[in-house]
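> Let me give you the structure first, and then I'll get to my questions.
The values are calculated or read from the model by the stated rules, or taken from the named source; none is laboratory data. Quick caveat: nothing in here was measured; it's all calculated off a predicted structure. Here the Cβ is made from the backbone with ideal geometry for all residues, glycine too, and neighbour counts use every protein chain on show. The protein model used for the area step is the full one, side chains on, heavy atoms only, and it has no ligands, DNA or RNA in it. Shrake-Rupley method; radii C 1.70, N 1.55, O 1.52, S 1.80 Å.
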Amino acid sequence: MTKSLIFERGLNVGREHVVLRLFRTTHGFSLERRVIERDQAAFVQVLPITALGDLHRFAIADPYSKELAALYYEVRRHLLENHVGE
């Protein structure tokens, strides 16, 4: 599977650094959510996205959804620009 980076942004939340990366893939889009802890341990979640509802469900389940709201908004905007529907 090939993928190209469309969006990447992160911010510090407490003692962790959280990064959202949106990729265009051969099958649509995927979102990577990376949490880097103070000791540099990293945890990565990958979400395949076929509709905006996928992103919405993922974002509201995120324990940092309030802090990352602006980043999730930007991801949504990029998906809309690329004609990903509800």
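> May I ask you to list the residues in region 57-84 that are touching a residue at least 12 places away in the same chain (Cβ under 8 Å) and more than 21 Å from residue 4 (Cβ to Cβ)?
Across region 57-84, the qualifying residues are 59, 62, 64, 67, 68.
> Quick check on region 24-40: of everything there that is open to solvent by 70 Å² or more (accessible area, probe 1.4 Å) and outside any strand (DSSP E or B), which residue is nearest to residue 14 (Cα to Cα)?
This residue is 38.
> Moving on to the next point. So in region 41-86, with the set limited to residues that are in contact with a strand residue (DSSP E or B) (Cβ under 8 Å, 6 or more places away or on another chain) and in a loop (DSSP other than H, G, I, E, B), which one is surrounded by the most Cβ atoms within 10 Å (Cβ to Cβ)?
68
> Name the residues in region 24-40 that are modelled with pLDDT under 95 and among the β-branched types (Val, Ile, Thr), would you?
Of everything in region 24-40, those that are modelled with pLDDT under 95 and among the β-branched types (Val, Ile, Thr) turn out to be 25, 26.
> Next up: Working only within region 1-36, note down all residues that are aliphatic (A, V, I, L, M) and in contact (Cβ under 8 Å) with a residue 60 or more places away in the chain.
The answer is 6, 11.
> Out of region 1-23, which residues are among the hydrophobic types (A, V, I, L, M, F, W, C) and either within 27 Å of residue 83 (Cβ to Cβ) or open to solvent by 50 Å² or more (accessible area, probe 1.4 Å) (or both)?
Of everything in region 1-23, those that are among the hydrophobic types (A, V, I, L, M, F, W, C) and either within 27 Å of residue 83 (Cβ to Cβ) or open to solvent by 50 Å² or more (accessible area, probe 1.4 Å) (or both) turn out to be 1, 5, 6, 7, 19, 20, 22, 23.
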